[in-house]
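Presented below is the structure to which this report refers.
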Amino acid sequence: MSSTIAEQDVALVDLLDRLLGGGVVIAGDITLSVADVDLVHISLRALISSVGKLEERPPR
Amino acid sequence: MSDRLLWAYGIVPAQAVSPVSASGVAGGAVDAVTEGELSAVVSEVSRDEFDGESLRANLNDLAWLERVAREHERVLDELLAQTTIVPLRLCTIFDDADGTRQMLVRECEALTDALTRLEGRQEWGVKLLVDGERLAATTAPGGDAAHGEGGAAYLARRRQERQTREAARNAAAQLVDDVDSALRAHALDAVRLPPQNRELSGLSGDMLLNGAYLLDADQVDALRATADGLQERYADHGAQIVVTGPWPPYNFAAGEAPRQPA
């Protein structure tokens, strides 16, 4: 079944794909280069997947 | 140098600015900086947390990033319900209102174009997931080649395995094209985002398509109906179609700029 954002929590990965991969890129005064953000994005995908694995462990 | 910075969420038409009730990133009050016809929606953040090296370090802290991303999104969602917005990429940060105004002057033409192009339009996400084994089963060649022993039978088995894999790959590609083009029929523009793996998406099944579609607002019901119809049509592949939206138009705000390849 299809469902809207309002009906479910937005998955973090959907949000980050858009927030880090999309949106207009404008140079701000605090410089975080596109390359920086892309690096963050890549390391995050690894990070999120390892967090996912942790959550699959049985509760302590 | 002030110990405060301005975090920018997005750009809206100046006359459309109305108070935002959601609190901003790190609890800041949401405000607007206006220059001519454009307003940047901003809130104050502390330089300690959001400047240079500390920002880079914080971005690699998943809990910090999730909090900031959700706070950013909450403000944009509230704006989206009221007006057209050009969402900015996470971490667009200015020293102060003057720096923000200079940006609005510098980017005036592109931002005005984007607002015009996005007016009355919505971004929706559609994902297609299938059960990989069931999809492969619909394409598996019949006949049981070569159960015997020996080199010729071995080679025949290998050949059949290869053909089976190829057939499954082709069927998947065909399915993605069918679904994507049926959805694009409702859209003004569309992009394919990289499919997410199961651990990231938390969804069961193999994600074959992770699409974003820019629609006229009156096409949303039609898109949903098409998505439901496709899910039914491909039920024997274990197809799930997940529709999300409306999103701030992250994937369509930048106009014709080429996207990074997946």
(message) Sorted from largest to smallest, which semi-axis lengths in Å does the alpha carbon gyration tensor of the range B:122-247 give for its equivalent ellipsoid, taking the root of 5 times each eigenvalue?
(response) 36, 13, 12
(request) Round to the nearest 10 and give me the degree value, 0 to 90, for the angle of helix B:97-106's Cα axis relative to the longest principal axis of chain B. (result) 60 degrees
(request) Compute from the Cα atoms of chain B the Rg and the Dmax, the latter being the longest Cα-Cα distance, and quote both in angstrom. (result) 23.9, 81
(message) Just want to confirm a number: the relative contact order over chain B, from Cα pairs under 8 angstrom separated by 6+ residues, in percent.
(response) 23 percent
(message) Test of understanding: ordering B:TYR234, B:TYR213, B:TYR9 by Cβ neighbours within 10 Å, fewest first, what list do you get?
(response) B:TYR234, B:TYR213, B:TYR9
(request) Multiply the residue gap between B:ASP3 and B:ARG134 by 0.36 nm, knock off their C-alpha separation, and tell me the result in nm, one decimal place. (result) 41.3 nm
(message) Residue by residue through B:170-179, how many Cβ atoms from other chains fall within 10 Å of the Cβ on average?
(response) 0
(request) Could you work out how far helix B:108-118 tilts from the main Cα principal axis of chain B, as a 0 to 90 degree angle to the nearest 10? (result) 50 degrees
(request) Would you please state the base-10 log of I(q)/I(0) at q = 0.21, 0.27 1/Å for the range B:67-120, with intensities from the Debye formula using one equal scatterer on every alpha carbon? (result) -0.97, -1.17
(request) Return the calculated 222 nm mean residue ellipticity for chain B, to the nearest 500 deg cm²/dmol, obtained by summing -39500 (n - 2.57) across DSSP H runs with n ≥ 4 and dividing by the residue count. (result) -13500 deg cm²/dmol
(request) Calculate the length of the line joining the C-alpha centroid of the range B:157-207 to that of the range B:57-123, in whole Å. (result) 32 Å
(request) Mind pulling the angle between the C-alpha long axis of helix B:62-80 and the longest principal axis of chain B? Nearest 10 degrees, somewhere in 0 to 90. (result) 70 degrees
(message) Show me the ranking of peptides B:101-113, B:23-35 by mean Cβ neighbours inside 10 Å, starting with the highest.
(response) B:23-35, B:101-113
(request) Take the alpha-carbon positions of the range B:4-119, form their convex hull, and give its projected area averaged over all directions (one quarter of the hull surface) in nm². (result) 6.7 nm²
(message) Based only on other Cβ atoms within 10 Å, what is the fewest-to-most ordering of A:ASP14, B:ASP189?
(response) B:ASP189, A:ASP14
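Taken together, the values in this text are just the output of simple stated rules run on the coordinates, not laboratory data. For clarity, every value in this text was computed on a predicted model and none was experimentally measured. Methodologically, a virtual Cβ is constructed for each residue, glycine included, from the backbone with ideal geometry; neighbour enumeration extends over all protein chains shown.
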